1. In the stretch A:3-19, how many residues are more than 9 Å from chain B (Cβ to nearest Cβ) and touching a residue at least 12 places away in the same chain (Cβ under 8 Å)?
2. Would you pick out the residues in the stretch B:372-413 that are open to solvent by 20 Å² or more (accessible area, probe 1.4 Å), in a loop (DSSP other than H, G, I, E, B) and among the small types (Gly, Ala, Ser)?
3. Just checking, how many residues over the stretch A:20-42 are touching a residue at least 24 places away in the same chain (Cβ under 8 Å) and under 21 Å from B:Gly374 (Cα atoms)?
4. Only one of (1) in a loop (DSSP other than H, G, I, E, B); (2) open to solvent by less than 20 Å² (accessible area, probe 1.4 Å) is not met by B:Gly84, so which one is it?
5. For A:Lys131, all conditions in the list (1) of a type in the set (D, E, K, R); (2) in contact with a Pro (Cβ under 9 Å, 6 or more places away or on another chain); (3) at pLDDT below 85; (4) on the phi < 0 side of the Ramachandran plot hold save one; what is the number of the exception?
6. Evaluate the stretch B:248-255: report whether one residue or more is closer than 21 Å to B:Gly317 by Cα and open to solvent by 10 Å² or more (accessible area, probe 1.4 Å).
7. How many of the residues making up the stretch B:140-167 are more than 14 Å from chain A (Cβ to nearest Cβ), modelled with pLDDT of 90 or more and either out of contact with any Lys or Arg (no Cβ under 8 Å at 6 or more places or on another chain) or not in a helix (DSSP H, G or I) (or both)?
8. Filter the stretch B:410-448 for residues that are touching a Ser or Thr at 6+ places or on another chain (Cβ under 7 Å) and of a type in the set (Phe, Trp, Tyr) and give the result.
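The values are calculated or read from the model by the stated rules, or taken from the named source; none is laboratory data. Treat the numbers as computed from the prediction; the structure is a model and nothing was measured. Glycine also receives a Cβ, built like all others from the backbone with ideal geometry; neighbour counts cover every protein chain displayed. These accessible areas exclude ligands, DNA and RNA; they are computed on the full protein's heavy atoms, side chains included. Shrake-Rupley method; radii C 1.70, N 1.55, O 1.52, S 1.80 Å.
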Amino acid sequence: MDLTSEDVRDILQLLDGLPYREMTLETASFRLSLRRSADGGWTQATEVLAEPAGPAVLAEPAEPAVLAEPAATTTAPSEPAPDAAAEGLVDVRAPLLGTFYRAPRPGAPPFVTVGSEVEPDTVVCIIETMKLMNSVTAGVTGAVAEILTENAQFAGQGTVLMRVRPTGEQQ
Amino acid sequence: MILRRILIANRGEIAARILRTCRQLGIEAVLAASDADCDSMPARLADSVIRLGPAAAGDSYLSVDAVVAAARAAGADAIHPGYGFLSENPALARACGAAGIVFIGPTGSQLEAVGDKLTARAHATAAVLPVAAGGEVAGVAEAADLAAAIGFPVLVKAVGGGGGRGLRPVRQADALAGTVTMAMAEAAAAFGDPRVYLERYLPSGRHVEVQLLGDGDSVIHLGDRDCSVQRRYQKLIEEAPAPLLDDDLRTAIRNAAVNFGRHLSYRGAGTVEFLVDPARRAFYFLEMNARIQVEHPVTEAISGIDIVAEQIWIAEGNSLRFDQDDVALSGHAIECRINAEDWADGFRPSPGTVTTAVVPVGPGIRVDTHVQPGSAVPPWYDSLLAKLIVSGRDRAEALARLRGALARCDIGGVATTIGLHEKLTASTEFEAGGVDTGFLERWLYSHG
């Protein structure tokens, strides 16, 4: 951005003496909107419009670094879940998007495997989101019938991670 | 040497912050970005962008090989590691040395001296700093003996931890064995080092830290900060200077930090953290963070010094460009960390897409951020969206401005901690100043 915070301060000083409540400044590289709020203070909304620039020096072929590519989508769409209810199975879904872990730490035995008996509050896996580990519970009494997500794979919110056959359901 | 092109091996607000100083100094800034960050605001601000690797940090921001390869490919003279990720990793500092690239930070051996928290404790003792009673424990039996000797409550700490990670308080003897066993297993998994140590725990202490600058020869301080508003050892509000410390105690803490830095012949910017017991007018060494810190802007606000610019100046091989006597601290500054978390729902992380990003602007107000409408808040990294830093001639003026500034913040699309900051800064306890590290948990408990 070509505008420093000092520039914004100067603009505000100018605006303070004028009867305007709002100013928008747009160039090829940014858009700045200044607004006077009800308490007399100002707010700022800035958008950097410039597209990310590629590398100044082309990566050597042997190097792993390459030209910037468009960002990968950060929200993996939830997989359409096959009709689990028809099979009498209960879905265990990701409560929020993140990385799916089957064990409490690398090398430790998994929380559950296919066939494990679970209670509603049995921890069956972890979803790591923003460096926080979120335990996922089975939510139902039964036995783990299927595990649908690979360990350490990314799961979108609502993704079916496992299915549990509730106690009392016929095979 | 003069640095002309710096690779920023980080993301988020600190990447944008470093970019700003590079721009002011006329240094070309290349951003090393993961696939999740190639379209971020810092990527748009950078002179150029190099792909670092996949979104998962282990394959990108935490990969020494990927970072050094990116610096080589970019033809960078230097790497700025920011905070977190590889910023305190001696392997990166050494790999830079081997590749003829300047690492903007301390030496590999200084990183090792403070990265291993037991070594750091030993250095603190050698530099005649007060350390809390405690020491390494090899197992449950040793832990029981040591805890009995120092008295409960105790804190079980991972030797490889730091930055508030790998800490577990134990309030009574019957919980010690289980906690030590779990802490060792966790430390092995999280830090690749199962060693733990015990320290006497001070539940009502204050977290006070001192900003240092060193050139490998001289070490000076830029005053202190108070970071006692914490949840689970993660800081939420920081201020400079630390409120309500008497002059003798403040001077003793600052001198202790400088002595620690001098003992290490420290080079670069770093922070020495202390736990202060105001009732007994005592303080104890906690750890040193050998990097730029999230809360550095409150020090910049009261000192007028651009700490990132000084990091670069020192990395260029220069001596400090000012003496202790040249450092003039005036006024008061408070920083609120605005995180993508739903604080009303157990601080549940809130990744997603930012739809609105309106921030306050005006005298004494600074906002360091990396989000604008359309910005992705990916689930792979920490939740810091923005830092609101407000300063005034004194604490009362800074606090009054901060309250007005928070009311004008509007970040939408993801949950944020703005509402929590509004409530905390309105509380009489915070207004009085000098809260302890238990303040936030107590407040949450009584307002939950």
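1. The qualifying residues number 3.
2. The answer is B:Gly374, B:Gly413.
3. 5
4. Answer for B:Gly84: the failing condition is (2).
5. (4)
6. No, there is no match, as no residue in the stretch B:248-255 is closer than 21 Å to B:Gly317 by Cα and open to solvent by 10 Å² or more (accessible area, probe 1.4 Å).
7. Total meeting the criteria: 18.
8. Correct list: B:Phe439, B:Trp443.
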